[in-house]
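The values are calculated or read from the model by the stated rules, or taken from the named source; none is laboratory data. Please read all numbers here as calculations on a predicted model, not as lab measurements. Note that each Cβ is placed from the backbone with ideal geometry, even for glycine, and that neighbours are counted across all protein chains shown. Each accessible area value is taken on the protein alone, full model and side chains, heavy atoms only, with ligands, DNA and RNA left out. Shrake-Rupley method; radii C 1.70, N 1.55, O 1.52, S 1.80 Å.
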Amino acid sequence: MTNLLQFPRRPDITLYHFGRIIISARIVKALSLDPGDAINITIHEGEYLLYAIHQPFGRHEAQCYPSKRGSHNFCANSVRLSRALLNAAKVQTLRASFLAGDLLTINDKKYIPIITAHPIRCS
C-alpha cells in the first residue's frame with residue numbers, strides 16, 4: 001500500500017531563503033500575536049525558541065501581518081532571521097517547513113520551540 005499523503009501534519013512555520021516567513025494560526029494564537037507585532041528566535045539550551053515582541057515602537061524586522069483578509073495565519077519578512085534558521089537546520093533548499101512544540105513559559109515570557117531536527121517540505 002502507498003499513502004497518498006506522505007506528511008499528514010501541516011507545518012507550523014515555513015521559512016523561505018528570500019526572507020518570507022509564514023506562521024500558522026496555532027502559533028499566532030499561542031503567542032497572542034497581533035498585526036504589527038514582531039517575532040524573533042532565541043537559542044536556549046540547544047533549542048530554537050520563537051517568541052513575540054508585542055507592539056514594538058517604530059519599524060522592526062520580522063513584523064507580522066495577516067497573510068490575507070480573514071486569515072488567522074500571519075506572515076513576516078526577515079532575510080537575516082530566515083537564513084539564520086535555515087543554515088542552523090542545515091537546509092540547502094530555498095524553502096523549508098518546520099513543526100513546533102508546545103508553548104513554554106520562561107521568566108513570564110511565552111516561547112514556542114521549533115523542531116529543526118526534521119524539516120518537512122523542503123524544496
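Going residue by residue through the range 50-61, is there one that turns out to be modelled with pLDDT under 95, open to solvent by less than 30 Å² (accessible area, probe 1.4 Å) and not in a strand (DSSP E or B)? Among the residues of the range 50-61, at least one is modelled with pLDDT under 95, open to solvent by less than 30 Å² (accessible area, probe 1.4 Å) and not in a strand (DSSP E or B), which makes the answer yes.
If we scan the range 109-116, do we find a residue that is free of Cβ contacts under 8 Å to residues at least 60 places away in the same chain and touching an Asp or Glu at 6+ places or on another chain (Cβ under 7 Å)?
Initial filter on the range 109-116 (free of Cβ contacts under 8 Å to residues at least 60 places away in the same chain): 109, 115.
Those still in the list that are touching an Asp or Glu at 6+ places or on another chain (Cβ under 7 Å) too: none.
No - not one qualifying residue is present in the range 109-116.
When the range 99-123 is filtered for residues that are surrounded by 14 or more Cβ atoms within 10 Å (Cβ to Cβ) and of a type in the set (A, V, I, L, M), the ones remaining, listed by number, are 99, 100, 103, 104, 112, 114, 115, 120.
What number of residues within the range 71-123 satisfy the criterion of being in a strand (DSSP E or B) and either closer than 23 Å to residue 9 by Cα or touching a Cys at 6+ places or on another chain (Cβ under 6 Å) (or both)?
Within the range 71-123, the first condition is being in a strand (DSSP E or B), and the residues that meet it are 74-77, 95-100, 104-106, 109-120.
Pick out the ones that are also either closer than 23 Å to residue 9 by Cα or touching a Cys at 6+ places or on another chain (Cβ under 6 Å) (or both) and you get 74-76, 95-100, 104, 111-120.
Result for the range 71-123: 20.
For the range 78-91, the criterion of being in contact with a helix residue (DSSP H, G or I) (Cβ under 8 Å, 6 or more places away or on another chain) and open to solvent by 60 Å² or more (accessible area, probe 1.4 Å) is satisfied by no residue at all.
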